[in-house]
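The structure appears below as C-alpha coordinates.
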Amino acid sequence: MALVPYEDTPGVGLQKFHKPLATFSFANHTIQIRQDWRQLGVAAVVWDAAVVLSTYLEMGAVELRGCSAVELGAGTGLVGIVAALLGEEHTFPLH
(Lines give C-alpha, C1' and ligand atoms only; values in the text may rest on other atoms or scores of the structure.)
Protein backbone atom coordinates (compact mmCIF):
# COMPACT_ATOMS: atom_id res chain seq x y z
CA MET A 1 0.00 0.00 0.00
CA ALA A 2 1.29 3.46 -0.85
CA LEU A 3 0.42 6.67 0.94
CA VAL A 4 0.34 9.74 -1.29
CA PRO A 5 -0.26 13.03 0.53
CA TYR A 6 -2.08 15.56 -1.65
CA GLU A 7 -1.02 18.62 0.31
CA ASP A 8 2.21 20.62 0.18
CA THR A 9 3.82 19.16 3.27
CA PRO A 10 7.35 20.45 3.88
CA GLY A 11 9.96 17.75 4.23
CA VAL A 12 7.93 14.95 2.69
CA GLY A 13 9.99 14.95 -0.53
CA LEU A 14 7.11 15.50 -2.93
CA GLN A 15 7.88 19.12 -3.80
CA LYS A 16 9.08 18.12 -7.29
CA PHE A 17 5.55 16.92 -8.08
CA HIS A 18 4.19 20.40 -7.47
CA LYS A 19 6.50 22.05 -9.99
CA PRO A 20 4.68 22.92 -13.23
CA LEU A 21 7.44 21.56 -15.46
CA ALA A 22 9.68 18.48 -15.26
CA THR A 23 12.75 18.33 -17.52
CA PHE A 24 14.65 15.17 -18.48
CA SER A 25 17.39 14.18 -20.90
CA PHE A 26 16.97 10.86 -22.74
CA ALA A 27 18.13 9.58 -26.13
CA ASN A 28 20.06 12.78 -26.83
CA HIS A 29 16.89 14.86 -26.44
CA THR A 30 15.64 17.21 -23.78
CA ILE A 31 12.10 16.30 -22.77
CA GLN A 32 9.93 18.79 -20.90
CA ILE A 33 6.66 17.58 -19.42
CA ARG A 34 4.04 19.83 -17.91
CA GLN A 35 2.75 18.65 -14.55
CA ASP A 36 -0.49 19.62 -12.85
CA TRP A 37 -0.84 17.89 -9.50
CA ARG A 38 -3.44 20.31 -8.17
CA GLN A 39 -5.85 19.98 -11.11
CA LEU A 40 -5.30 16.38 -12.22
CA GLY A 41 -3.70 14.60 -9.27
CA VAL A 42 -1.32 11.64 -9.39
CA ALA A 43 -1.80 10.94 -13.12
CA ALA A 44 -0.40 14.33 -14.08
CA VAL A 45 3.09 14.09 -12.61
CA VAL A 46 6.22 12.21 -13.67
CA TRP A 47 6.82 9.48 -11.09
CA ASP A 48 10.26 8.08 -10.26
CA ALA A 49 9.26 4.70 -11.72
CA ALA A 50 8.85 6.29 -15.16
CA VAL A 51 12.31 7.82 -14.92
CA VAL A 52 13.82 4.48 -13.83
CA LEU A 53 12.12 2.57 -16.67
CA SER A 54 13.16 5.24 -19.19
CA THR A 55 16.76 4.93 -17.99
CA TYR A 56 16.55 1.14 -18.29
CA LEU A 57 15.30 1.42 -21.87
CA GLU A 58 18.00 3.95 -22.74
CA MET A 59 20.66 1.54 -21.45
CA GLY A 60 19.65 -0.80 -24.28
CA ALA A 61 18.26 -3.51 -22.05
CA VAL A 62 15.40 -4.03 -24.50
CA GLU A 63 15.64 -3.77 -28.29
CA LEU A 64 12.89 -1.37 -29.37
CA ARG A 65 13.56 -0.89 -33.08
CA GLY A 66 10.66 -2.22 -35.11
CA CYS A 67 8.56 -2.95 -32.03
CA SER A 68 5.12 -1.63 -31.18
CA ALA A 69 3.82 -0.95 -27.69
CA VAL A 70 0.61 -0.24 -25.86
CA GLU A 71 1.15 2.02 -22.88
CA LEU A 72 -1.53 1.47 -20.24
CA GLY A 73 -2.07 4.04 -17.52
CA ALA A 74 0.68 6.14 -19.02
CA GLY A 75 0.28 9.16 -16.77
CA THR A 76 2.37 11.84 -18.44
CA GLY A 77 3.70 9.41 -21.07
CA LEU A 78 7.43 9.81 -20.38
CA VAL A 79 8.20 6.11 -20.97
CA GLY A 80 6.33 6.11 -24.30
CA ILE A 81 8.13 9.25 -25.42
CA VAL A 82 11.52 7.74 -24.57
CA ALA A 83 10.60 4.43 -26.25
CA ALA A 84 9.63 6.30 -29.43
CA LEU A 85 12.90 8.26 -29.38
CA LEU A 86 14.78 4.98 -29.07
CA GLY A 87 13.14 3.45 -32.12
CA GLU A 88 9.83 1.96 -31.02
CA GLU A 89 7.47 2.63 -33.89
CA HIS A 90 3.99 3.03 -32.44
CA THR A 91 3.12 3.94 -28.88
CA PHE A 92 -0.54 3.90 -28.02
CA PRO A 93 -1.14 5.60 -24.66
CA LEU A 94 -4.32 4.33 -23.07
CA HIS A 95 -5.58 6.00 -19.92
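The values are calculated or read from the model by the stated rules, or taken from the named source; none is laboratory data. None of the values given here were measured: they were computed from a predicted structure. Every residue, glycine among them, receives a Cβ derived from its backbone with ideal geometry; neighbour counts consider all protein chains shown. These area figures cover heavy atoms from the full protein model, side chains too; ligands, DNA and RNA do not enter into them. Shrake-Rupley method; radii C 1.70, N 1.55, O 1.52, S 1.80 Å.
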*Residue by residue through the stretch 41-70, note down the ones that are part of a strand (DSSP E or B) and either open to solvent by 50 Å² or more (accessible area, probe 1.4 Å) or closer than 18 Å to F26 by Cα (or both).*
S68, V70
*Limited to the stretch 13-32, what total is found for residues that are modelled with pLDDT of 90 or more and of a type in the set (A, V, I, L, M)?*
2
*Here is a list of conditions, (1) under 14 Å from H29 (Cβ atoms); (2) of a type outside the set (D, E, K, R); (3) modelled with pLDDT under 75, and G80 meets all of them except one; can you say which number that is?*
(3)
*asked:* So, in the stretch 24-40, how many residues would count as being in a strand (DSSP E or B) and either of a type in the set (V, I, T) or closer than 10 Å to T76 by Cβ (or both)?
replied: 4
